[in-house]
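Comments concern the structure below.
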Amino acid sequence: MRVKVPYDRVVRWVETFAATIAENKEYLTDLDSAIGDADHGINMDRGMRAALAKLDGQPPGDVGAMLKAVGMALVSSVGGAGGPLYGTLFLQLGTATAGKSEIDADDWLAALTAAVVGVQARGKAEPNDKTMVDALLPARDALEEAIAEGESFPDALRRSAQAAEQGMKATIPLVARKGRASYLGERSAGHQDPGATSSYLLLKTAADTWSDG
Amino acid sequence: MRVKVPYDRVVRWVETFAATIAENKEYLTDLDSAIGDADHGINMDRGMRAALAKLDGQPPGDVGAMLKAVGMALVSSVGGAGGPLYGTLFLQLGTATAGKSEIDADDWLAALTAAVVGVQARGKAEPNDKTMVDALLPARDALEEAIAEGESFPDALRRSAQAAEQGMKATIPLVARKGRASYLGERSAGHQDPGATSSYLLLKTAADTWSDG
Amino acid sequence: MKKLINDPADVVREELLGIAAAHPDLVSVHFDPNYVVRADAPVKGKVALVSGGGSGHEPMHGGFVGVGMLDAACPGEVFTSPTPDQMQAASKAVDGGVGVVHIVKNYTGDIMNFDMAAELCRAEGAEVEAVIVDDDVAVQDSLYTAGRRGVGTTVLMEKIAGAAAQEGRSLKEVADVCREVNAGGRSMGMALTSCTVPAAGKPTFELGEDEMEIGIGIHGEPGRERMKLKPVHDIVEMMATAVVEDFPLKKGDRVLAFVNGMGGTPMIELYVVFNELQRFLSGRGIEITRNLIGSYITSLDMAGCSITLLKLNDDFVRLWDAPVKTAGLRWGV
Amino acid sequence: MKKLINDPADVVREELLGIAAAHPDLVSVHFDPNYVVRADAPVKGKVALVSGGGSGHEPMHGGFVGVGMLDAACPGEVFTSPTPDQMQAASKAVDGGVGVVHIVKNYTGDIMNFDMAAELCRAEGAEVEAVIVDDDVAVQDSLYTAGRRGVGTTVLMEKIAGAAAQEGRSLKEVADVCREVNAGGRSMGMALTSCTVPAAGKPTFELGEDEMEIGIGIHGEPGRERMKLKPVHDIVEMMATAVVEDFPLKKGDRVLAFVNGMGGTPMIELYVVFNELQRFLSGRGIEITRNLIGSYITSLDMAGCSITLLKLNDDFVRLWDAPVKTAGLRWGV
Ligand SMILES: Nc1ncnc2c1ncn2[C@@H]1O[C@H](COP(=O)(O)OP(=O)(O)O)[C@@H](O)[C@H]1O
Ligand SMILES: Nc1ncnc2c1ncn2[C@@H]1O[C@H](COP(=O)(O)OP(=O)(O)O)[C@@H](O)[C@H]1O
Ligand SMILES: [Mg+2]
Ligand SMILES: [Mg+2]
Ligand SMILES: [Mg+2]
Ligand SMILES: [Mg+2]
């Protein structure tokens, strides 16, 4: 029997991600102080609050519509680099899951793939540019691999989150080539990328909320 | 034989006063920080430097002309309250000693009296308003008294300087009613008036340079 | 001390050189003695307006020299009144034959130096009228003190009287406009930080990270009261209450509201202050008919603001709206 | 943190309320989504200019909305690019039927949000051209990075292109003027202190009492180099050399010299900076034909300055001199 994540559980993921961002607001902002403009946590928190407010009015049952609403809320409340990037990410997740009342591992792989493609199309970042792509792309690849190796959806999600974590940590030594951190040149090395960190938190909360009970 | 202070000795007094102001520049400015605008020492120092520069071009021998030149230099270089007040003081000293090549105790009493009258006419300060008048007026009165009691010019100068010192110290508890310190109201009490302090230094240097050797 | 300067002793001179280089179309700058005059001075048949005061309040006064405002400004050393010879030379340079108004802020030094200057000018046959600005409600007024300081109303007086002179009013009429503006203007200021006088090299006073000073002047003089930092809503309420009740202003009165930055405060905060002031006044039925928001009478790098209200009449409104062309204020031309 | 604000979360909204209350003759302010438009928008038959960016740079951009400059400004949160829906709504409100130019400073966030906005506008049939400002010579330019930041040249572009639009040029022509201004403009900035983002509550970076940061942006981003504080003569030489050699400018070139304060720096210091800049340039035979001195593109309460040079041609001079009537820049009207 294939594990499916029903609509409510997807909503719970979004809520948990919002709570996780709120908890890590200062941490993310501090990371952004070092190599950016000290607002990534503040921005993401404002966006996820706006997203939560939108969830209430959402007709239940359509995972895709719900994720699109989250994306729209992010686009119109976050601004900065984070807004279009996370907005695109959720809009693509939503488009890929349109009309579904539950999702399985293949649905999620298709959705995450579309999301990463969307983020890259929007931001033009390549791997090792020291951006959120450095967490997202390995997570997607790890998910694909795990599914191909026949792992369960929960296990695949955990491997995906672990890959995101590794990718996030691997941004530390990198010299940024995209985003605000790139203005620092060599001075950007030695700091963990804030966007890669929030992306890891996104995948970690998916693994946490979709794999237990 | 009545002691007379010759032209060169009067010049030496002006020079010594300039040096004393330079030494006490920061002290006077600090006093002015507490109840004014932190510039009295800076202003007086700028003025006495300008006065010294004028002394060089002065035709020797005329005490009055020399003191007027000092007054003019102060008026056109100090600004603030100190400029017109010390300018007037020296201009009046000069007018009272016009054409003299030396001055005795009576000349000095007449000159100092004219100077105090001039300062009060210019600034409208009464005794106990917490201004330089609180040093100058007692100094003038003590000088008159000492002369009337038959003291020597050097001794009279010393009594005059002592009275100035007392007057200066007596400004500490006063609430200012004139000048910038008056904006502070009650908060001006407990601080020594900067202008009274520079006036004391003026009379102290007169006593020092005119009573020895 | 962190400032964009060379030797503190040269700040005023180098600033004046900068003004001279920047605005040759508006002003010419003279050195030794220092003064700034309209490029086309003297304007024959026009009453001339001369102001002056210590430097450190830029753009006041040099930035207000030009068509429709001042004819001359005399910059003193930082926070130190200029000297009579500056004022005399400036007055002479701009005298168009029908008299000169000296606009004097009520500080002992300014008063005495302008007094001496007026004596010098009159001795040479010039007609001079001096008018005093004393609008700071933070200072108790009394016959037995130096009286109130001249602060924000000065800027409004220079604009309004400048327009009156430009339209050809007589010496007495222009001086009367000044006195009416002074009678109709009230101000109060506050500081979040002290300023640092370049020659002193350290802050004039120290404020804790959670403190502010209410009722300050424009020279880093300590204020009326030191207190805990509050939301701007409460700060504006305190200041505006003091100003409004000093008049007192009543329902239906029209005012020019001037929110002024002290030099280290950005526009974003001044608009927030204006928003609070607008709410406060409209709550009392007082109408803001004109406004001015920006850093026009400053105290070096001090962070903080002042609020000035000028009770308006139709003449003031017309004169305020009249064209002005200076480095610091410009419209209609 | 010492600021004249209430809740940090309300700063932008309260600032906009202040602007709305202060300048109803010039602009109207819309909320949710937030944007500021010319009071007489849309102007039929005129190309519309829309700009936007994070708040905290006041008077840019809201202060530049009005006749002869911007048609609309979209203020984001402090130091955060505004969102596509703001830009789309603003563009729609000012579209006079002959196209809209988006003036975009080169930051990843601004670029992406304006990209999305342009997609939305075009989907509704509007003609939109986006132009990029990337004038900061402190940043190494390269195909493999985000490229140079948009800083001081933005102000000059908004004025000059605003005049071009006002005189009836076409969408393509106005966009080309923008691109020419960008090609001819170079900037460099420095900080004496960090700024403090209201929501963060503490300075973005710490500088020692004797340190400065050279090559900063306008968001409290760390600069190119931290060094010991120097006399302004040396600071200007360093910045101006970087700017002049990046062009490179040569003897006989004419420039508009823009000395900009970062928000916490008073005019007296900016004139001292201008004096140094004037000496530096005249020493190289470069003529300052026009100048702008003041705090126009700021970084909250940061103390410091930036220097922008725009190489002039006759068209630029004429467009610069054309009338402008906004809260932040005004002449000729
Ligand atoms: N071109 C890009 N592609 C992908 N991610 C990017 C790009 N530019 C920036 N980012 C991500 O955005 C993060 C910063 O987001 P945020 O602080 O919200 O925006 P801003 O930089 O506008 O303040 C960076 O840490 C980085 O991960
Ligand atoms: N009206 C006055 N009459 C006499 N002395 C005065 C008067 N006003 C101020 N002073 C003196 O001037 C001193 C301040 O001088 P200074 O600091 O040079 O001028 P300012 O107050 O303009 O900065 C005061 O300490 C006081 O002694
Ligand atoms: Mg950021
Ligand atoms: Mg003083
Ligand atoms: Mg003084
Ligand atoms: Mg940002």
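Each value in this text was obtained by applying a stated rule to the coordinates, not by laboratory testing. Since we're looking at a predicted model, the values are computed, not measured. Backbone-built Cβ (ideal geometry, glycine too); neighbour counts: all protein chains shown.
Structural descriptor for chain C: relative contact order 18 percent, calculated from alpha carbon pairs under 8 angstrom and at least 6 residues apart.
Its relative contact order, with pairs defined as Cα atoms under 8 Å and 6+ residues apart, puts the stretch C:11-183 at 21 percent.
Working note: Karplus 6.51/-1.76/1.60 with θ = phi - 60° gives the stretch D:38-50 the couplings 3, 4, 9, 6, x, 8, 4, x, 10, 4, 9, 10, 10 Hz, where Gly and Pro are set to x.
Take residue A:22, push a point 7 Å out from Cα through the beta-carbon direction, and compare it with the same point in every other copy: 6.9 nm, smallest first.
Exceeding 30 Å between C-alpha atoms, which entries from my cross-link table qualify? They are B:130/D:2; D:105/D:202; A:54/A:204; C:159/D:230; A:130/D:105. From the list (B:130/D:2; D:105/D:202; A:54/A:204; C:159/D:230; A:130/D:105), the Cα-Cα distance tops 30 Å for B:130/D:2; C:159/D:230. Taking amide H positions as modeled 1.01 Å from N, with prolines and chain starts lacking one, the residues under 5 Å from residue D:130 and 5 or more places away or on another chain are D:102. Counting only aspartates and glutamates at least 8 places from residue C:311 when in the same chain, those with an alpha carbon closer than 16 Å to its own are C:134, C:135, C:136, C:158, C:176, C:180, C:245, C:246, C:253, C:287, C:321.
Please report the net charge: other residues with Cβ closer than 10 Å to the Cβ of residue C:135, K and R +1, D and E -1.
Numbers: positive: C:105, C:148, C:149, C:186; negative: C:134, C:136, C:246.
Summing Lys/Arg as +1 and Asp/Glu as -1 gives +1.
Take residue D:123, move 7 Å from Cα toward the beta carbon, and the resulting point lies 8.1 nm from the same point in each other copy, nearest first.
Ordering C:307, C:214 by the number of other Cβ atoms within 10 Å of each residue's own Cβ, fewest first, gives C:214, C:307.
The phi torsions of the stretch B:123-132, fed into the Karplus equation with coefficients 6.51, -1.76 and 1.60 and a -60° offset, translate into couplings of x, 6, 8, 9, x, 6, 7, 6, 9, 4 Hz, rounded to whole numbers, with Gly and Pro shown as x.
Are there trypsin sites (Lys or Arg not before Pro) in the stretch C:1-47 that DSSP puts in a loop and that have at most 13 other Cβ atoms within 10 Å, and which ones? It would help to have the intermediate numbers written out before the result.
Numbers: sites: C:2, C:3, C:13, C:38, C:44, C:46; in loops: C:2, C:3, C:44, C:46.
Of the trypsin sites (Lys or Arg not before Pro), the ones in loops of the stretch C:1-47 whose Cβ has at most 13 other Cβ atoms within 10 Å are C:44.
Put simply, the amide H of residue D:35, placed in the peptide plane, has neighbours under 5 Å in D:30, leaving out anything fewer than 5 places away on its chain. Placing a pseudo-label 7 Å from each Cα along the Cα-to-Cβ vector at residue C:122 and residue B:151 gives an inter-label distance of 4.1 nm.
For the stretch A:5-210, a/c is not less than 1.5, where a ≥ b ≥ c are the root eigenvalues of the C-alpha gyration tensor, and a/b does not top b/c. That puts it in the oblate class.
Distance to the C-onto-D rotation axis is smallest for one chain C Cβ; residue and value in angstrom are C:264, 2. On the beta carbon distance between residue C:230 and residue C:209, with R0 = 22 Å, the FRET formula returns roughly 0.95. Working note: Karplus 6.51/-1.76/1.60 with θ = phi - 60° gives the stretch D:51-65 the couplings 10, x, x, x, 7, x, 10, 3, x, 5, 9, x, x, 10, 8 Hz, where Gly and Pro are set to x.
Per-residue ellipticity at 222 nm from helix content only, as computed over chain D with -39500 (n - 2.57) for each DSSP H run of at least four residues, stands at -10500 deg cm²/dmol.
Which residues make up the longest stretch of chain C that has no chymotrypsin sites (Phe, Trp or Tyr not before Pro) in a DSSP loop with at most 10 other Cβ atoms within 10 Å?
Numbers: sites that count: C:31, C:144.
After excluding every exposed loop site, the longest remaining stretch is C:145-333.
For chain A, the relative contact order comes to 22 percent (Cα pairs under 8 Å, sequence separation of at least 6).
Would you mind ranking D:241, A:88 by Cβ crowding within 10 Å, fewest neighbours first? Don't skip to the end; give the middle numbers.
Working: D:241 13, A:88 24.
In increasing order of surrounding Cβ atoms, one gets D:241, A:88.
Per-residue ellipticity at 222 nm for chain B, helices alone: DSSP H runs ≥ 4 residues times -39500 (n - 2.57), over residue total, nearest 500 deg cm²/dmol? The helix contribution divided over chain B gives -22500 deg cm²/dmol. Summarising the amide proton neighbourhood of residue B:3: residues at separation of 5 or more, or on other chains, whose placed amide H is nearer than 5 Å comprise B:153.
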